[in-house]
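K.L.:
If you scroll down you'll find the structure; I have some questions about it.
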Amino acid sequence: MVGWENQDNIMSVVVIKKIKPKQFELAADSQVTYGMTLDKSKVSKLWRVGDVIAGSVGKAALGGVFREYIENHRPKFNTEYGWINFMSEFIKYAQSLDSSFSMSDNDFLVAWGGRAYLLSGTYVKEIKTFEAIGAGDDYAKAAMHLGHSAREAVEVACELNIYCEKPIISFKSK
């Protein structure tokens, strides 16, 4: 998982919540930092790429490479094992562009084909109810546990965590 020791990697919250069988809502805040500079970006953490919705916390550069990669690649199987293989191939690709990228730089949430996953390096977990990643994850998980939507959970994280910032972006899977 993304570590607290590198503050550039924790300025985020991305959440996912199952709203019906085979349908998910994903939401994210917009805080991006470069050193001590704050930039509110509505496109750097959460994207709809064709039939996939994906969100990332960690290095914005690696998140961008993931977005580009997922535009042209899909797992062979929409299972935990399929996504483990996908992530292994993705990090090889990312390191071919920048050898400093590491599997521990980012965490991702993805919804595709009626299923959703947490991707943290080669650790993959299918999401059955809800999940959150990033600095505001505890607040967001508590909000969803209490019945709030994914978007509302990000609002809570933005109110209570100094590393999360509005505006909020959200998507629902088809």
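None of the figures in this text is laboratory data; all of them are computed from the coordinates on show. Keep in mind that this is a model prediction, so the values were computed, not measured.
K.L.:
Where is the GNM fluctuation largest for the chain (alpha-carbon springs, 10 angstrom cutoff): ASP137, ASP29, ASP98?
P.N.:
Comparing ASP137, ASP29, ASP98 in the GNM, the peak value goes to ASP98.
K.L.:
Under 4 °C and 1.567 mPa s, how fast does region 78-149 diffuse according to Stokes-Einstein, given a Kirkwood radius computed over C-alpha pairs? Answer in µm²/s, whole number.
P.N.:
Numbers: Rh = 13.4 Å.
Once the numbers are plugged in, D ends up at 97 µm²/s.
K.L.:
Before anything else, pin down the relative contact order of region 27-174: Cα pairs under 8 Å, at least 6 apart, normalised by residue count, whole percent.
P.N.:
Over region 27-174, the number comes to 28 percent.
K.L.:
Where does region 7-172 land on Rg(C-alpha)/(2.2 N^0.38 Å)?
P.N.:
The reported ratio for this selection is 0.95.
K.L.:
What is the extension gain from GLU159 to ASP51, computed as 0.36 nm multiplied by their sequence separation minus the C-alpha to C-alpha distance, in nm to one decimal?
P.N.:
35.8 nm
K.L.:
For SER100 and ALA61 in one chain, what is 0.36 nm times their gap in residues minus the Cα-Cα distance, to one decimal in nm?
P.N.:
12.9 nm
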